[in-house]
1. How many residues does segment 98-117 contain that are open to solvent by less than 20 Å² (accessible area, probe 1.4 Å) and within 20 Å of ILE213 (Cα to Cα)?
2. Those residues that are closer than 20 Å to PRO152 by Cβ and in contact with an Asp or Glu (Cβ under 9 Å, 6 or more places away or on another chain), I need them from segment 81-118; list them, please.
3. Could you check SER115 against (1) under 22 Å from the mean Cα position of the chain (by Cα); (2) under 21 Å from THR37 (Cα atoms) and say which number it fails?
4. If I filter segment 304-324 for residues that are aromatic (Phe, Trp, Tyr) and under 30 Å from LEU6 (Cα atoms), do I get at least one hit?
5. Going residue by residue through segment 9-21, is there one that turns out to be touching a strand residue (DSSP E or B) at 6+ places or on another chain (Cβ under 8 Å), modelled with pLDDT of 95 or more and open to solvent by 50 Å² or more (accessible area, probe 1.4 Å)?
6. Which of the residues that make up segment 313-340 are surrounded by 18 or more Cβ atoms within 10 Å (Cβ to Cβ) and without any contact (Cβ under 8 Å) to a residue 24 or more places away in the chain?
7. Determine whether ILE285 is over 25 Å from ARG347 (Cβ atoms), β-branched (Val, Ile, Thr) and modelled with pLDDT of 95 or more.
8. Return the residues of segment 208-247 that are in a loop (DSSP other than H, G, I, E, B), at pLDDT 95 or above and of a type in the set (A, V, I, L, M, F, W, C); say none if nothing qualifies.
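The values are calculated or read from the model by the stated rules, or taken from the named source; none is laboratory data. In this text the structure is predicted, and so the values were computed from the model without any measurement. Heads up, the Cβs are rebuilt from the backbone with ideal geometry, glycines too, and the neighbour counts pull from every protein chain shown. Ligands, DNA and RNA are excluded from the accessible area calculation, which covers all protein heavy atoms including side chains. Shrake-Rupley method; radii C 1.70, N 1.55, O 1.52, S 1.80 Å.
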Amino acid sequence: MFDFELLKEDKKSEARLGIIKTNHGSIDTPIFMPVGTQATVKAMTSRELKEINSQIILANTYHLYLRPGDELIKDAGGLHKFMNWDKPILTDSGGFQVFSLSDLREIKEEGVYFSSHLDGSKHFISPEKSMQIQKNLGSDIVMAFDECPPYPAEREYVENSLERTIRWAERCKKEMEKSNQALFGIIQGGVYPELRKRSVEEMKKIDFPGYSIGGLSVGEPKEEMYKMLKHTTPLLPTNKPRYLMGVGTPEDLIEGIYHGIDMFDCVMPTRIARHGQVFTSKGRITVRNAKYKDDFTPLDKNCDCHVCQNYSRGYIRHLIKRNEILGVRLTTYHNLYFMLNLAEEIRSSIRDDHFINFRYKFYQKYEI
């Protein structure tokens, strides 16, 4: 089962309120999705993810295919049982690793030949193979196998890449014909508006239950990313969810929603947490810095998460400086809560017709 209901559209922006229904539960949109690359959101238990109202998480096809193996996960009863998570899961296709591991792969029409970043072993993933892996994982939402071009890239390269992604998308849909998983098509085209438009047109012809915007936040300036969103999002169907892949700073959430995006994911909240950085209502701070040694205030006095209600900056800095596991667990918990709570506040502002005012007040306080 997969269904998307558009509940409300903001009158002064492209922001929208919706609900996605899956076999493992419903998802209120717009939503931020924590990333669980290796079948775990780093430093977090399933119980803690539910405490902070995580409605859906991500897992990575490429990494789980290599280790522990998608067949093993299938034998365990699928990803939900394997990792003890009974809410929705979205899996990416492995396409981004085609981009990020460019020194270890060769792209052909039939698929991608690559060497494992773990041990150098040789592998091949085609659109069909990516779909088969994701079937074994048993995720609720599946991503089509695509090629994510780098930035900068010549127009000719991006165009050829886009055409291949379209052909691969057709192969993915054919492979998933008898599956009850929802397959999202991926919009590519780099920073070339006319290629983004062509990508949308062709993906709409193939007809997917949802559409993802890929190939952004890969090195281009933020202004360029927002420009592409402003151009691309209005071309997508209004009655289907829109997912901006791999993007998820607080300001990106605000701007993406402003331009009509429904779903976001990003490793940044957990990644920066491991380096002692946290989001606050006034901007990002590095709590491991010496200035917080004797600071006994919460990470964010405006936050009501478990961490901010019970631990101080000085204590968390002490844990991180001593390499205590708890320090990273606390910063991770807070950062994910911050992003999920921000999404909830945005949903409330759209519901109450004051999203534009919420956006304005956010930037008044938040230092980028």
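1. 1
2. Matches in segment 81-118: GLY95, PHE96, VAL98, PHE99, ILE107.
3. (1)
4. Initially, segment 304-324 is screened for residues aromatic (Phe, Trp, Tyr), giving 311, 315.
Within this subset, residues satisfying the condition of being under 30 Å from LEU6 (Cα atoms) are none.
Checked against the condition, which is being aromatic (Phe, Trp, Tyr) and under 30 Å from LEU6 (Cα atoms), segment 304-324 yields no hits at all.
5. There is at least one residue in segment 9-21 that is touching a strand residue (DSSP E or B) at 6+ places or on another chain (Cβ under 8 Å), modelled with pLDDT of 95 or more and open to solvent by 50 Å² or more (accessible area, probe 1.4 Å).
6. LEU319, LEU330
7. Taking the combined requirement at face value, the residue satisfies it.
8. Within segment 208-247, PHE208, LEU216, LEU236, MET245, VAL247 qualify.
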